[in-house]
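Report on the structure given below.
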Amino acid sequence: MAEIQLTFPDGAQKTFEQATSLLDVAKSISTSLAKKAIAGKFNGEVVDLQQPLLEDGAIEIITKDDQAVNLTATWHTAAFVLAATLSQHYPEMQFGEVTATEDGFYYDTDNEAGQVAVTDLPEIKTEMAKLIQSGEAISRVSVSKDDAKKLFAGQTYKLALLDEVEADQVLVYQLGDYSDFSLAPMLGKVSDVKFFELLSVAGAYWQGKSSNQMLQRIYGTAYPKQEELDADLKRRQEAKERDHRVIGNQLDLFFVDPKVGAGLPYWLPNGATIRRSIERYIIDKEVANGYEHVYTPILANLDLYKQSGHWDHYREDMFPPMDMGDGEMLELRPMNCPSHIQVYKHHPRSYRELPIRIAELGMMHRYEKSGALSGLQRVREMTLNDGHTFVRPDQIQDEFKSILGLMIDVYADFNINDYTFRLSYRDPANTEKYFDDDEMWNKAQAMLKGAMDDLGLDYVEAEGEAAFYGPKLDVQTKTAMGNEETLSTIQLDFMLPERFDLHYVGEDGEMHRPVMIHRGLVSTMERFTAYLTEIYKGAFPTWLAPTQAVIIPVKNDLHYDYAKNIKDEMIKRGLRVRIDDRNEKMGYKIREAQTSKIPYTLVVGDQELAQATVSVRKYGEENTVEEASDMFINAIVAEVGNYSRDGKQHTKKINL
């Protein structure tokens with residue numbers, strides 16, 4: 001039999017027979033290592049212990065001490081047990097993709113006789129538990145791709161997935177009469193799945209394309225320890241209570257209508273009020289920091305995006321061009337930067353003008369797959385808080401510090417403290433995704449790193465996360481669902497000024513090339529509103545709340561006029577207030593105000609009318625206090641003007 005040469009982490013090399021598995025390699029080292037092993041790495045990829053090794057390569061044995069891999073293997077094994085159970089009860093069921101996510105697993109299924117309902121999950125879980133208690137071992141067999149197709153004949157989706165496998169051999173897992181295949185590792189026997197839960201079901205298009213069949217996606221999770229599962233389920237419940245989609249429905253903030261189109265949210269009056277408050281705040285903040293706001297078209301000639309490089313590097317995320325019939329092709333813009341470049345180019349520029357700061361709440365469109373869309377966080381139409389600064393090379397560091405200082409100031413006003421910094425570099429091995437200019441990349445990445453080091457800020461470095469035209473500083477945060485996302489970004493760009501032949505007249509009278517800095521303070525209005533909804537749990541601070549106070553007359557015939565006088569004065573002072581004069585009981589109206597998470601509930605009756613006061617109940621508090629009406633109005637106006645801050649000092653500072 002042919003031989004292969006394997007390289008170990010310490011650099012040692014050893015020869016083995018071809019088709020030797022990683023488990024065989026572990027046994028050749030020690031019996032104890034083989035018992036602890038759960039998976040391995042072959043040429044950097046995590047693979048199953050029984051994976052036959054057919055060529056030379058670098059290997060590493062992974063043990064249960066590696067919690068991340070252990071957890072992923074647990075999730076894949078639990079998903080396998082789920083599918084084996086379903087196959088027993090639904091003989092005609094078709095099985096699609098199985099995936100271990102960041103916090104569990106899902107399996108896509110299809111069944112003409114009827115899809116799995118959420119009410120079926122308890123029974124399915126019980127049957128899974130019986131199979132797990134059997135302790136049956138999961139057998140592995142390596143078969144040719146052709147033999148695998150024979151084995152999965154009749155399984156339409158599995159055959160399609162097999163077509164995507166590049167290897168000639170496929171590792172097939174077997175449990176009783178059920179067979180499956182996966183490129184990810186699994187545990188040795190079903191009883192290794194200790195504690196699990198089936199979470200939910202949802203519809204999902206096959207491979208995320210709306211033109212494909214709608215499948216049933218079953219979500220679950222599993223852990224080695226009961227306390228880990230309990231903690232996860234508690235976190236999920238808390239996250240559900242913060243989910244902006246749930247809160248958005250409860251507070252009437254937005255909705256998405258499938259008849260209109262997925263990923264195209266409607267902003268209802270309450271949500272529109274929050275968004276408008278954010279937009280006004282951002283514009284005022286940027287203008288005060290030297291930005292000039294513009295409006296630019298959401299459509300542009302396709303040639304503009306070919307010149308910018310978006311068409312080459314970003315085409316899969318862009319909508320198809322629109323043929324105007326006369327040779328002109330128009331494109332919904334995926335980015336605002338080419339538009340702002342046109343603003344810069346509209347006039348000759350002098351070194352005295354720089355830095356030139358251009359900003360816009362710019363609407364953009366992205367061709368997101370249906371399966372990726374989620375509430376306001378992932379949409380197809382979005383409005384980005386966008387800005388571009390054109391600077392001389394000697395101004396880069398000062399402008400970078402200024403932008404970062406502005407970001408942190410904005411975070412303080414929104415009481416955002418939980419975030420980290422990430423320097424996002426290109427992947428030097430990926431020549432297709434990124435603009436090909438090693439000198440530019442090395443220079444720009446060194447500048448960003450140097451600026452962060454000078455500021456003394458902690459950061460992580462991540463290859464492969466840069467924009468196609470340059471490296472960036474990303475401000476990372478976590479959603480209520482525990483997913484990491486980018487809140488803000490600052491990007492250095494030497495490429496687009498070159499592509500668009502941008503110039504300024506220098507002090508020497510010669511033409512010089514500016515550097516472009518892209519920045520977004522708070523992402524898109526959609527994503528930022530979703531983020532705020534979740535961190536505030538729908539209880540928006542007074543300055544952002546759609547309704548800042550509700551006034552409840554004890555008796556409409558006696559106290560309505562007094563309530564209206566207070567309302568009129570509050571509206572005159574720029575506050576958002578309404579009167580609840582419905583023919584309902586007082587307790588009901590107070591409870592509804594609390595359920596709606598209105599910051600202040602004001603009750604006015606005989607005593608308040610006689611003494612020119614209001615009875616004030618703050619959201620989340622049980623007690624009411626009596627205040628003079630004019631003093632309360634002054635206090636709430638001051639609170640709004642201070643962005644409802646609690647007086648705590650912000651945690652992050654930079655030395656400019």
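The values are calculated or read from the model by the stated rules, or taken from the named source; none is laboratory data. The model shown is predicted, which means the values in this text are computed figures rather than measured ones. FYI the Cβ positions are ideal-geometry reconstructions off the backbone, even for glycines, and counts take in every protein chain you see. Just the protein is used for accessible areas: all its heavy atoms, side chains included, with ligands, DNA and RNA removed. Shrake-Rupley method; radii C 1.70, N 1.55, O 1.52, S 1.80 Å.
Structure notes:
- Relative to the longest principal axis of the Cα atoms of the chain, the long axis of helix 586-595 makes an angle of roughly 50 degrees.
- Taking a ≥ b ≥ c as the square roots of the eigenvalues of the Cα gyration tensor, the chain is oblate, since a/c reaches 1.5 or more and a/b is not larger than b/c.
- For segment 118-213, GluC sites (Glu not before Pro) meeting the loop criterion (DSSP other than H, G, I, E, B) and having at most 16 other Cβ atoms within 10 Å: E136, E164, E166.
- Hydrodynamic radius (Kirkwood) for segment 321-462, which is based on Cα pairs only, to one decimal in Å: 18.6
- Whole-percent P(r), segment 347-421, all Cα pairs, 10 Å bins from 0: 14, 30, 34, 18, 4.
- Note on S139 and A160: their simple-model spin labels are 3.1 nm apart, each label 7 Å out from Cα toward Cβ.
- Computed from point charges on the beta carbon alone (+1 for Lys and Arg, -1 for Asp and Glu), the dipole magnitude for segment 62-159 about its Cα centre is near 360 Debye.
- Reachable aspartates and glutamates from K158, criterion Cα separation under 15 angstrom, eight or more residues apart if same chain: E92, E97, D108, D110, D146, D147, E166, D180
- In order along segment 512-520, phi translates into HN-Hα couplings of 10, 9, x, 10, 9, 10, 8, 8, x Hz, rounded to whole numbers, per the Karplus curve 6.51 cos²θ - 1.76 cosθ + 1.60 with θ = phi - 60° and x for Gly and Pro.
- Computed magnitude of the charge dipole of segment 1-135 (debye, nearest 20; Cβ of K, R +1, Cβ of D, E -1): 680
- S523 accessible area, 1.4 Å probe, all protein chains in place, Å² to nearest 10: 20
- Table column - 3J(HN,Hα) (Hz), segment 296-307, Karplus curve with 6.51, -1.76, 1.60, x for Gly and Pro: 10, x, 7, 10, 8, 4, 4, 4, 4, 7, 6, 5
- Flagged links, alpha-carbon separation over 19 Å, of K443/K472; K14/K35; K64/K225; K537/K589: K14/K35; K537/K589
- Full extension of the chain between D418 and R276 gives 48.7 nm of extra length, using 0.36 nm per residue less the Cα-Cα distance.
- Cleavage-rule hits (trypsin sites (Lys or Arg not before Pro)) in segment 221-302: DSSP loop, at most 14 neighbouring Cβ within 10 angstrom: K225, K259
- Label positions at F8 and E92, each projected 7 Å from the Cα along the C-beta direction, are separated by 5.5 nm.
- Ranking T296, G605, F181 by how far each Cα lies toward the positive end of the dipole of the chain (charges on Cβ) leaves G605 at the top.
- Segment 491-573 - Rg and Dmax from Cα coordinates, angstrom: 26.1, 79
- Segment 257-317 shape via C-alpha gyration tensor axes, a/c threshold 1.5: oblate
- Rounded to the nearest 20 debye, the dipole magnitude of the chain is 1700 debye, with +1 charges on Lys and Arg beta carbons, -1 on Asp and Glu beta carbons, and the Cα centre as origin.
- For segment 279-327, the residue among Y305, G325, V287 whose Cα projects farthest onto the positive side of the dipole built from Cβ charges is V287.
- Taking a ≥ b ≥ c as the square roots of the eigenvalues of the Cα gyration tensor, segment 127-268 is classed as oblate, since a/c reaches at least 1.5 and a/b does not exceed b/c.
- Note on D326 and R582: their simple-model spin labels are 5.5 nm apart, each label 7 Å out from Cα toward Cβ.
- Accessible area per residue, Å², segment 145-262 with all protein chains present, probe 1.4 Å: 53
- Restricting the GluC sites (Glu not before Pro) of segment 543-605 to loop positions (DSSP other than H, G, I, E, B) with no more than 16 neighbouring Cβ atoms within 10 Å leaves E584.
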